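Below is one structure, written out as structure tokens; comments come after it.
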Amino acid sequence: MSRIHTLSPVLANQIAAGEVIERPASVVKELLENALDAGAARIDLTIEQGGSGLIQVTDDGCGVHAEDLTLAFARHATSKIAHSDDLGRITTLGFRGEALASIGSVSRLSLTSAVKGAAAWRVTTAGSDASLQPAPAAHPSGTTVEVRDLFFNTPARRKFLKSEKTEFEHIDELVRRIALSAFSVDFTLKHNQKTIRHYRSSQSEKECSQRVAALCGSGFVEQAVRMEAEAAGYQLMGWIGLPTFSRSQADLQYFYVNGRMVRDRSLNHAVRLAYHDVMYGSRFPAYVLFLTVPPDRVDVNVHPAKHEVRFREARVVHDFVARGVKDALAGLQPLNTCPSAVCPPLSSAPVVSAPHTPVSSRPPQGFLPVWQALHDVTQPSKPAVFSTETQDAAVPPLGYALAQLKQIYILAENVEGLVLVDMHAAHERVLYEKLKQELALGHLVSQPLLLPLALNMRESEAAALEAQSELLQQAGFRIQRAGLDSVMVREIPALLRDAPVDELVRDVAADLVAGYAADRLNERIHALLGTMACRAAVHARRQLSVPEMNALLRAMETTPHAGQCNHGRPTVRQFSMTELDALFLRGR
């Protein structure tokens, strides 16, 4: 091994470029973020050979002053921060001042720019060529950056690039993510002289919905609702897919913090937690969400590519996001979650901001006859004549029951037409929500173990259990510290008496250390409540009377998440008169 020595500036820049420039899409990200920071209203992106031949970004932003052109290529030269205090309240996408220097060290780079009312100038560089001489150029107000022959002087990096098609797909996905965060900006993407994408600027809610449809697919827009939530200085808005529009992969999940696209495990966990009892465990929700946080409460300088952020109040943010999405899902009426084409388009759908369903203070009644257990009040009878005069005021959303089909489905008539309800799935959800409400009224009943269970674990986990002993006791656990790396479990929740205690306690301890204090415990308890509701709900092949069917419909209308059962299956489907008429070719 040779003696310690100082690397040359050229080699140091090439090494530093590896932290920022992973592939052509990394270059595109840096240049697009610079254009957005410059206040661009239109951005044109031209790609050749998947980005390895040419990457050209043209914007109509504020431009760069002629005397600052050469400084823009210097490392850590920026106009976005000036003092160390500025790192605590960053409001721009870029701020480190290293993008152009890193890109220029591994490519042939040209920067042409003009500020409004001034002449345009151009600066070029090629890898190790550090001689920057501005030259006059013809260019409107704004900036054009051309990156040619990426990694031409670092063949070891160039050979690791994938095929042209693969590299362009990464760029296409990146442009999609950035276009989702900047609705007011017009984006054009060309590849090998062919226009591939054109995302027009959007101002109104309808235009924003159209852009989301163009970026995420019309199916997502048709099966999503727009939501808003605000609390303690935090704001969350966006589009969340209905539980019935779940995915087999996490390929339709976009989350932004102050306009910056991030991949944060805590935020993803919060959204998944909100969906946990309305979706199959192996499925993934689809969403486009925007979180606005005061700049001094979030640190974006924790990842070389700025993909991750750190919150000052991480737990508060996690709970805020989970509660906001959960309340929006709970506020959906059953027919708002149907997969039928009768569902209103997103642009006309109201913003969901649902209150909690009032919790009954009466004790559980057990499992009485279905209609009696569901509702204690007298149910309105179906009008003798179902006329248009009674539709608006007298007919509830799910209408009135007509009959049972094969003792599995309830057929009902409402204003729109025919309603089809899976009676077991619907009753299962109603009972599950009632059990959760009863659980929220008081503490869980504990059950002492016949023989206390001794568990060995990491010292940090044992300490976390000891520190949260009061919280665990409220949940029905009594756990005592027995040593530096051991605990003694003496009581567990009676609801979980059949669960593997050692596995449960270890999982809870791991979550306490990770910061998710009660998530694992709540998941286990709710899973058990779901099983109880499933076993107690009316099953197929059971005959229900009309009053019982109507009682179930009324209960669904006031039950959160009534559009899906505990396993994520839909409970109700609406068929409009237009759809029924089309089946029989009426009006043709």
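Throughout, read-outs are computed from the coordinates displayed, never taken from laboratory work. Please read all numbers here as calculations on a predicted model, not as lab measurements. For neighbour counting, all protein chains shown are included, and Cβ atoms are generated from backbone atoms with ideal geometry for every residue, glycine included.
Structure data summary
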| quantity | calculated |
| --- | --- |
| The range 9-199 - convex hull of the alpha-carbon atoms, volume per residue in Å³ | 118 Å³ |
| Residue pairs, from the table Lys29/Lys190; Lys80/Lys306; Lys165/Lys306, whose Cα atoms sit over 20 Å apart | Lys165/Lys306 |
| Reachable lysines, given that their alpha-carbon falls under 25 Å from the alpha-carbon of Lys434 and they are not under 8 places away in the same chain | Lys326 |
| Restricting the range 422-473 to trypsin sites (Lys or Arg not before Pro) in coil, as DSSP defines it, with at most 10 other Cβ within 10 Å | none |
| Whether the range 100-192 is rounded, prolate or oblate, judged on the alpha carbon gyration tensor where a/c under 1.5 counts as rounded | oblate |
| C-alpha center-to-center spacing [the range 129-204, the range 433-480] in angstrom | 54 Å |
| DSSP-loop trypsin sites (Lys or Arg not before Pro) across the range 163-272, with at most 15 other Cβ within 10 angstrom | Arg200, Arg263 |
| Ranking of His567, His83 by count of other Cβ atoms within 10 Å, fewest first | His83, His567 |
| Selection of trypsin sites (Lys or Arg not before Pro), the range 89-138, meeting DSSP coil and at most 13 other Cβ within 10 Å | Arg89, Lys116 |
